[in-house]
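Novice: My structure is below; once you've seen it, I'll send some questions.
Please treat every number below as a calculation from the coordinates, not as lab data. The structure presented is a predicted model; accordingly, all values stated were derived computationally and were not measured. Because the Cβ atoms are built from the backbone with ideal geometry, glycine has one as well, and the counts that use them run over all protein chains shown.
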């Protein structure tokens, strides 16, 4: 373990326990700190020693840290006068990132974290941005830096949500109402960007579910085109409602990612994404055997068509359109294999780690 370099003394605080109290209020878990950093377990004897190590060294070493849910204690920590501002920013960032990684933060974000917290993050060098969308929205959760700023992704996931459902106030799970309630609470006067990532299900899975429901066995691009237009029009209606509380300039409407599942695994991937019970899964798999599912190139073309309507809708309505489809295509006009990652196409999501460079380029282009 490194020797003290006087970092704590340079903060200018007269009492170490005062700073420790502020960090504890953020939910810092000293026992987890020892368990998750194997090299410290033999050197540090107890929880106070672990917290002292974090304050003096760990916050500047990108150590694995476990804290409470965002924004527990963050505002008070930010307001604490620490003369060594670089140290104060580093400590704040380490705590904030730990809270972002807390699974409980996802639910807390829907309640709204408030303008004071957002302002505190920005004062301490953070670059907050919201992402709202289906499970593909998680690809925008990036804890990197852009210049001197550190990204603070605030991701609100609507699992299984479709663009069509956003315009349906009577949907069984009203993601629409959840988002509109959130928008009314979460600093509508702020200027923090909001990325919206919906439509991926509409552009493929939702369409084939509709075919199964209506006993339509043969694929028709013309019929899909009608479905895609309708979905985007309904999505636009929802966005118009959202702009009653959120300024249009804050919204970044993302395209849908390219199709991922290879032809030979498409049916299994479809069933996996809609898993209910073994009996239901077997029934769904039998039904899919009667359905004409086009090859990967055509399914990619379906998504490209959907994106073209999204882009047009954004241009006509004044929304910023984010193309995260084209950067992921390979030379063959389908998803570049490198973005499959280790799952190799077993999942209908592109790989989070493999897409890091592409998503970071998009964030650099669309964050202020």
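Novice: Given R₀ = 51 Å, FRET efficiency for residue 279-residue 86 by Cβ-Cβ distance, to 0.05?
Specialist: The pair residue 279/residue 86 has a calculated efficiency of 0.30.
Novice: To check you understand DSSP bridge types, tell me what percent of the beta bridges within segment 125-366 (both residues inside) are antiparallel, rounded to 5.
Specialist: That works out to approximately 15 percent antiparallel.
Novice: Per the Kirkwood treatment, what hydrodynamic radius in Å, one decimal, follows for segment 249-290 from the mean inverse distance over all distinct Cα pairs?
Specialist: 12.4
Novice: Right, another one. Against the globular-protein guess of 2.2 N^0.38 Å, express the Cα radius of gyration of the chain as a ratio, rounded to two decimals.
Specialist: This ratio for the chain stands at 1.12.
Novice: Then there's this: Roughly how many whole Å is it from the C-alpha centroid of segment 56-84 to that of segment 257-281?
Specialist: 42
Novice: How large is the Kirkwood hydrodynamic radius of segment 169-210, counting all unique pairs of alpha carbons, in Å?
Specialist: Value: 12.6 Å, from the Cα pair sum.
Novice: Quick check: Cα centre of segment 202-230 to Cα centre of segment 142-170, how many Å?
Specialist: Value for the Cα centre distance between the two parts: 26 Å.
Novice: Name the residue, out of 121, 246, 298, whose mean-square fluctuation peaks in a Gaussian network model built on the chain with Cα pairs under 10 Å.
Specialist: 298
Novice: How big is segment 6-110 along each principal axis, measuring the range of its Cα positions in Å and listing the largest first?
Specialist: 40, 34, 19
Novice: Just rank 62, 351, fewest to most, by other beta-carbon atoms within 10 angstrom.
Specialist: The fewest-first ordering by Cβ neighbours comes to 62, 351.
Novice: What does the extension gain come out to for residue 331 and residue 159, with contour length at 0.36 nm per residue minus their alpha carbon separation?
Specialist: Extra length from residue 331 to residue 159 when fully extended: 58.8 nm.
Novice: Turning to a different aspect of this structure: Using only the Cα atoms of segment 260-368, what semi-axes does the equivalent ellipsoid have when each is the square root of 5 times a gyration tensor eigenvalue? Give whole Å, largest first.
Specialist: Whole-Å semi-axes of the equivalent ellipsoid: 29, 18, 14.
Novice: With r defined as the distance between the Cβ atoms of residue 223 and residue 122 and R0 fixed at 56 Å, what FRET efficiency is calculated, to the nearest 0.05?
Specialist: 0.70
Novice: Would you list the P(r) distribution for segment 205-286, with all Cα-Cα distances sorted into 5 Å bins from 0 and each bin expressed as a whole %?
Specialist: 3, 10, 16, 18, 17, 13, 11, 7, 4, 1
Novice: If the chain between residue 361 and residue 263 were fully stretched, how many nm would it gain, using 0.36 nm times the residue separation less the Cα-Cα distance?
Specialist: Taking 0.36 nm per residue and subtracting the Cα distance, the gain is 32.3 nm.
Novice: Using the per-residue mean of other Cβ atoms lying within 10 Å as a proxy for protection, in what order, highest first, do the peptides 268-278, 106-116, 72-82, 252-262 fall?
Specialist: Put in order of decreasing packing, that is 252-262, 72-82, 106-116, 268-278.
Novice: Can you tell me the FRET efficiency between residue 61 and residue 108 if r is taken as the Cβ-Cβ distance and R0 is 30 Å, rounded to the nearest 0.05?
Specialist: 0.65
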